[in-house]
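Worksheet for the structure shown next.
The values are calculated or read from the model by the stated rules, or taken from the named source; none is laboratory data. It should be emphasised that the depicted structure is a prediction, and the values quoted were computed from it without experimental measurement. In this analysis, Cβ positions are derived from the backbone assuming ideal geometry, glycine residues included, and neighbour counts consider all displayed protein chains. These area figures cover heavy atoms from the full protein model, side chains too; ligands, DNA and RNA do not enter into them. Shrake-Rupley method; radii C 1.70, N 1.55, O 1.52, S 1.80 Å.
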Amino acid sequence: MTATTTLPAIELKSVGKTFRVSGGILGKDRRVVAVDGVSFAVPPGGVLGVVGESGCGKSTLARLILGLLTPDSGDIAVEGQRIVDMDRKARARLIQPVFQDPFSSLNPLTRIRDIVAMPLQAQGSFSRAEIAKRVDEMLERVGLPGEMGNRLPAELSGGQRQRVAIARALVLRPRIVVCDEPTSALDVSVQAQILNLLAELRRDLGLTYLFISHNLAVVEHVASEVAVMYLGRIVEKKPTQALFHQPEHPYTKALLASVLTPEPGLGVPDVGLGDVMPDPANIPPGCRFHPRCPIAEPRCSTETPPLRPRPGGGVECLLVP
Amino acid sequence: MSALLDVERLEVGFGGRTSAVRGASLTVERGETHCLVGESGCGKSVTALAIMNLLARGGHRTAQRLTFQGEDLLKLDDRGMARLRGNAMAMIFQEPMTSLNPAYTIGSQMTEVMRRHKKVSQRVAIDRAADLLGQVGITAPGLRLGQFPHQLSGGLRQRVMIAMALMCEPQLLIADEPTTALDVTVQAQILRLLAQLQRDLGLGLLLITHDLGIVARIAHRVSVMYAGEVVESAATAQLFADPKHPYTQGLLRCVPVPGKQRQDEPLGSIPGTVPRIGPGFEGCGFRDRCTFADATCAHTVPHQTAAPGHDYLCRLAP
Ligand SMILES: Nc1ncnc2c1ncn2[C@@H]1O[C@H](COP(=O)(O)OP(=O)(O)OP(=O)(O)O)[C@@H](O)[C@H]1O
Ligand SMILES: Nc1ncnc2c1ncn2[C@@H]1O[C@H](COP(=O)(O)OP(=O)(O)O)[C@@H](O)[C@H]1O
Ligand code: SF4
Ligand code: SF4
Ligand SMILES: [Mg+2]
Ligand SMILES: [Mg+2]
């Protein structure tokens, strides 16, 4: 194997991103810490699942990796190249997004085939014939054959629209796809169709995924490794099996306890988190999870937990050895 | 004694084009949690709104029977219904901001509900509100009573909605996707709370959800809805162990269960999507997605009984 093939597909080193939010006429400006000192590497062909509550920084992380946001600190490399050094066209050929609501920002009068053609058009180097051929192939590949390409977004179901988003992401044959809640707006039956399609495409095309979801059962099904985010930090990261079977961080345990699998008779578990909600504009000192942690000790509110390395990742809690 | 809520052959149409509910029947007993489950657009919310007589303009309901505590809801006028709503029968919606008024504090909204229906002093109402906020797991209820809805997180607002629905000690609580907009952690906390309150207060709870995980964990009884019909109804354990309707079977195969599937194994799925059905539709609404469909499914679909209390709507033998 040559050195280039063993490069991580995605690599982050101490990446941070803070937003300044206006406090209104009277209020003070607030600094929202969205991503804070995040480091990890995803090997080629891997699927890194990212889970965590709303507002913990998952989408910000996705936008940083896609080069849509610039980090305040740290480095992001995709297949060994710093994402900030790449021009837009080169970036688009390498890494593409699939978002939850793909068409909210699109002209509703754009036909499906033109939506899928956009990334090819933007490259400026494909002939009309080549574009038409690739678009047809891709629509067929995602299960939208024939006249579907001539429809408008409003004429498609949610699942079909998500297929269009996938076709558009893959039409340039990228190496890496960042999926941000790709099935969260869908019914279970349609979610299953889309997850199966994503798995099949990854296998056939040798893709690497960053897969963001708040649904842990979905992540368990698709991911090879899982990162758990809390208030901008990755508090635990491990291979999927290890994370689900030997969770160590109290927050990971709470998240796993909240998964309601369809098993009658088990009841609803006590996740033990209380009613205090995390606020990214007001990160608690010490361990940022301490106001909600069911096993917090006094020192948790002053000491910052170090990273305890584990195979394939690590965990940040003062009470784990 | 008759059921707490008894709905028989409910039909809801919108302007002659959409048949949103087509002959749905269900009952909720005292002290029972009955879950109504199905994909989006199946008619779950419309069923709930029809029961509460809160259908949007253009919506029209008919039923063979619609009774609450033996009282015929079809015969009640608007005032009679207003007397029950928020009182003996209360409802919680998916998005709490649609039913909380942003201009009033939590405390004034909670006490207003109670004082509309009961002859109590403001003092008594405030005490009850604070007590209920505590019961739904809100720390510092005194502080929350003075706050406005936008000052609370989504999870707290949903807790407030539950507390508010309980102000007048309802017999029946209808909750339409009360946790769909929430994080999984908060969802688990809210559902645990609902289950606990349901038990402690002996409420009849009609819980609407599209999530089979929630159904399995909280329901005594389940009704599966598809294209405006209840296609299967059974006690929870029975439904999960021995689903009869092809739609129920398909739904159960779609849900990823940690530790159950191999990763490289595809999930089960149901091809296609929920159809839109207009008046005059005949036969099984599921037939264009059903792998067992044959010519007879376009005409007659029998109601069948698989076991006592386990009914389904399909031509296939039990
Ligand atoms: N452009 C922005 N300006 C200001 N604040 C922002 C911006 N983008 C994100 N934030 C804030 O950063 C934090 C992290 O947001 P992010 O969208 O990454 O969360 P998330 O984990 O994707 O949440 P969800 O599960 O709700 O999608 C939030 O507090 C959010 O409000
Ligand atoms: N106000 C309305 N006017 C017309 N059609 C409606 C209205 N409300 C709901 N419907 C239709 O009724 C059907 C059932 O909707 P609903 O009960 O909201 O589904 P769900 O099961 O997702 O709660 C859908 O086809 C929906 O589009
Ligand atoms: S460091 Fe303390 S507060 Fe943080 S997760 Fe560990 S035990 Fe809980
Ligand atoms: S009646 Fe026919 S189409 Fe409908 S569910 Fe049964 S077998 Fe399938
Ligand atoms: Mg997000
Ligand atoms: Mg609904």
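Numbers below:
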| item | result |
| --- | --- |
| Percent breakdown of C-alpha pair distances by 5 Å bin, ordered from the shortest bin, for the stretch A:64-137 | 3, 13, 21, 18, 19, 15, 8, 3, 1 |
| Nearest-10 value in Å² for the accessible area of B:TYR104, using the 1.4 Å probe | 130 |
| Furthest towards positive pole of dipole, A:ALA90, B:VAL184, A:PRO269, structure part the protein assembly as shown, Cβ charges | A:ALA90 |
| Per-residue HN-Hα couplings for the stretch B:298-303 [Karplus 6.51, -1.76, 1.60; θ = phi - 60°; Hz; x = Gly/Pro] | 7, 10, 9, 10, x, 7 |
| Net length gained if the chain between B:PHE14 and B:ARG123 were fully extended (0.36 nm per residue, minus Cα distance) | 34.8 nm |
| Translational D in µm²/s for the stretch B:254-299 (Stokes-Einstein at 20 °C, 1.002 mPa s, Kirkwood Rh from C-alpha pairs) | 162 |
| Heavy-atom SASA rank of A:HIS245, A:HIS214, B:HIS34 (probe 1.4 Å, accessible area, largest first) | A:HIS245, A:HIS214, B:HIS34 |
| Area hidden from solvent between B and A (accessible, protein heavy atoms only, 1.4 Å, total, Å²) | 3700 |
| Acute angle (nearest 10 degrees) that the helix B:184-201 long axis makes with the longest principal axis of chain B, alpha-carbon atoms | 80 |
| Normalised alpha carbon radius of gyration of the stretch B:219-266 [divisor 2.2 N^0.38 Å] | 1.29 |
| Under the span-like rule (Cα at least 15 Å along the axis, Kyte-Doolittle mean at least -1.0), DSSP H helices of chain A | A:112-123, A:128-141, A:158-170, A:188-205 |
| Rounded to the nearest 20 debye, dipole of chain B from Cβ charges on Lys, Arg, Asp, Glu | 660 |
| Paramagnetic reach from A:ALA122 in the stretch A:65-82 [backbone N under 17 Å; point 7 Å along Cα→Cβ] | A:65-70 |
| Cα-based helix-to-principal-axis angle, B:106-117 vs chain B, degrees rounded to 10 | 80 |
| Mean shadow area of chain B over all directions, Cα convex hull, nm² | 17.9 |
| Amide hydrogen neighbours beyond the local backbone of A:SER73, cut-off 5 Å, H modeled | A:GLY16 |
| Gain upon complete extension [B:GLN196, B:ASP264; 0.36 nm per residue less C-alpha separation] | 20.6 nm |
| Acute angle (nearest 10 degrees) that the helix B:154-165 long axis makes with the longest principal axis of chain B, alpha-carbon atoms | 80 |
| Computed over chain A, Kirkwood Rh from alpha-carbon pairs, angstrom | 21.0 |
| Where only C-alpha atoms are counted, convex hull volume of the stretch B:273-318 per residue in Å³ | 93 |
| Gyration tensor verdict on the stretch A:190-267 (Cα atoms; rounded if a/c is under 1.5, prolate if a/b is larger than b/c, oblate otherwise) | oblate |
| Estimated 222 nm signal from helices in the protein assembly as shown, with DSSP H stretches of n ≥ 4 weighted -39500 (n - 2.57), rounded to 500 | -9000 deg cm²/dmol |
| Charge dipole (debye, nearest 20) of the stretch A:10-315; +1 at Cβ of Lys and Arg, -1 at Cβ of Asp and Glu | 840 |
| Debye log10 I(q)/I(0) at q = 0.13, 0.21 Å⁻¹ for the stretch B:1-120, Cα point scatterers | -0.60, -1.34 |
| Loop sites in the stretch B:111-153: trypsin sites (Lys or Arg not before Pro), DSSP, at most 14 other Cβ within 10 Å | B:LYS118, B:LYS119 |
| Rule-of-thumb Rg ratio for the stretch B:64-162 [Cα; 2.2 N^0.38 Å; N residues] | 1.20 |
| Inter-centroid distance (Cα atoms) of the stretch A:113-184 relative to the stretch B:251-318, Å | 31 |
| Spatially near lysine pairs across chain A, Cα under 20 Å, sequence gap of 8 or more or different chains | 11 |
| Using alpha carbons only: equivalent-ellipsoid semi-axes of the protein assembly as shown, gyration tensor based, whole Å | 42, 34, 23 |
| Phi to ³J(HN,Hα) by Karplus 6.51 cos²θ - 1.76 cosθ + 1.60 over the stretch A:287-300, Hz, x for Gly, Pro | 7, 5, 8, 4, x, 10, 6, x, 10, 4, 10, x, 5, 5 |
| Point-charge dipole on Cβ atoms (K/R +1, D/E -1) for the stretch A:1-149, about Cα centre, debye to 20 | 340 |
| For a label point 7 Å along the Cα-to-beta-carbon line of A:ASP101, residues of the stretch A:149-190 with backbone N under 19 Å | A:153-166, A:179-188 |
| Heavy atoms of B:GLU169: accessible area, 1.4 Å probe, square angstrom to 10 | 120 |
| Hz values of 3J(HN,Hα) by residue in the stretch B:274-287 - Karplus curve (6.51, -1.76, 1.60), Gly and Pro given as x | 4, x, 8, 10, x, x, x, 5, 10, x, 7, x, 9, 5 |
